[in-house]
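Step one of this worksheet: look at the structure below.
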Amino acid sequence: MTRRTRWMLGRALAVAALLAFTLFPAYFMVASSLAPARSVTGTEALLPADPTLDNYRYALAEAGFLTYLGNSLLVAVVTVAGSALLALLAAVAVSRFRFRLRTTVLVMVLVVQMVPLEALVIPLFLQASSLGMLNSLLGLSVVYIALSLPFAIWMLRGFTAAVPAEVEEAAYIDGASWPRMFWSVLLPLVAPGLVATGIFSFIMAWNEFLIAFAFMDDADTYTVAVGLRQFFGQNTTDWGAMMAASTIITVPVMLFFLFVQRGLVSGLVQGAVKG
C-alpha cells in the first residue's frame, strides 16, 4: 500500500467517523421513536425489533402536537416576514443615508445583540403584560421579531452596502421611482442576505423555549418547544413520545432549509448577474 493510498484511506475513515458521530443522535432519535415503549430506554432502541407508530399517534392525536405545530408555524412565518421587511428597510437607511447619530444607532444595535436572553425575559414579560400580549401568538411573534432584528440588520447592512450606488443611479436615470428601484433592482441583489436572515429568524422562532414558556399559559397557544415539556413527569419520562415529537419537530426545519437553500443559490446567481 502506497503512502498516497494510506493517506486517502485515512481521510475516508476520518470522514466516515465524523459522519457517524454527527448523524448518530438523529438516528437514535428516529429509532427510539419507532421502538415500543418498553424498549425505548434500552439497547433495543438502536435496532427496534418490532417498530411501531404508536408514539407518533400519541404525540399527534392525544398530546396535541398538531396544534403546537400550527402555532409554531404561524409564529415562525410572521417572524421571518416581519424581521426581513424591517431589517431590510433599516439596513438601507444606515447604509445609504447619512444622518445624525448614525454610528450610535449601529453601535446600539450591536449592543442589543450582546445582551443575554435571560436578562430580557422579565422586562419583556412586564411590557407584554401591560400591553395585553400574553397568551397571544401575535404578541410572541412581535417579541421574536424584535429579538431577531439586530442580527438581521447587521447582516443585511453588509449586503446593501456591497451594492454599488451606480446601479441605483442608473435606475433613477432610466426613470425608475424609489419604490420601483427598491423592488426591481435592490431587492434581487440583496436576496441572498434575506434568505440568510430568514433562516436565522425561522430557527430562532421555531426552537425558542424560554420566552414562549414565560408568555404562554394556555395549552392552545403552546409552541412545539413548550409542548415537549408535557412528556417530562415528576418521576417518569415518556421517552418514546418525546422522541416521536422531536422527530416531528425537525421535519419542518429540514423542509424549510431545503426550500431556502435553492432560493439562496438562485439569489446568489441572480445577484452576481445583475451586479
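Computed from Cα atoms, the angle from the helix 239-274 axis to the main principal axis of the chain rounds to 30 degrees. Each other residue within a Cβ distance under 10 Å of Met181 adds +1 if Lys or Arg and -1 if Asp or Glu, for a net charge of -2. The portion of the accessible surface of segment 64-231 made up by carbon and sulfur, rounded to a whole percent, is 71 (1.4 Å probe; DNA, RNA and ligands excluded).
Between Phe99 and Phe200, residue separation times 0.36 nm minus the direct Cα-Cα distance comes to 33.5 nm.
Over all other residues within a Cβ to Cβ distance under 11 Å of Val94, the charged ones net out to +4, with Lys and Arg as +1 and Asp and Glu as -1. Just to be sure I understand, if you calculate mean projected area of the Cα convex hull in nm² for this structure, which of (i) 22.0; (ii) 17.9; (iii) 15.6 do you get? Calculated mean projected area of the Cα convex hull in nm²: the matching label is (i). Summary of the geometry: segment 67-105 and segment 135-168, compared by the centres of their Cα atoms, lie 3 Å apart. Helix 137-162 sits at what angle to the longest principal axis of the chain, using alpha carbons and giving 0 to 90 degrees rounded to 10? It works out to around 50 degrees. A Förster radius of 45 Å combined with the Cβ-Cβ distance from Arg180 to Thr2 puts the calculated FRET efficiency at roughly 0.10.
Each Cα pair under 8 Å and six or more residues apart adds its separation to the average, and for the chain the resulting relative contact order is 29 percent. Once the Cα atoms are used to define both axes, helix 3-34 deviates from the longest principal axis of the chain by about 70 degrees.
Rolling a 1.4 Å probe across the protein heavy atoms gives the chain an accessible surface of 58 Å² per residue. Largest first, the extents of the alpha carbon coordinates of segment 19-164 on the three principal axes equal 68, 42, 26 Å.
The values are calculated or read from the model by the stated rules, or taken from the named source; none is laboratory data. All of these numbers come straight from a predicted model, not from anything done at the bench. As a convention, Cβ positions derive from the backbone with ideal geometry for all residues, glycine included, and neighbour counts pool all protein chains shown. Quick note on the areas: whole protein, heavy atoms, side chains included, nothing else; ligands and nucleic acids left out. Shrake-Rupley method; radii C 1.70, N 1.55, O 1.52, S 1.80 Å.
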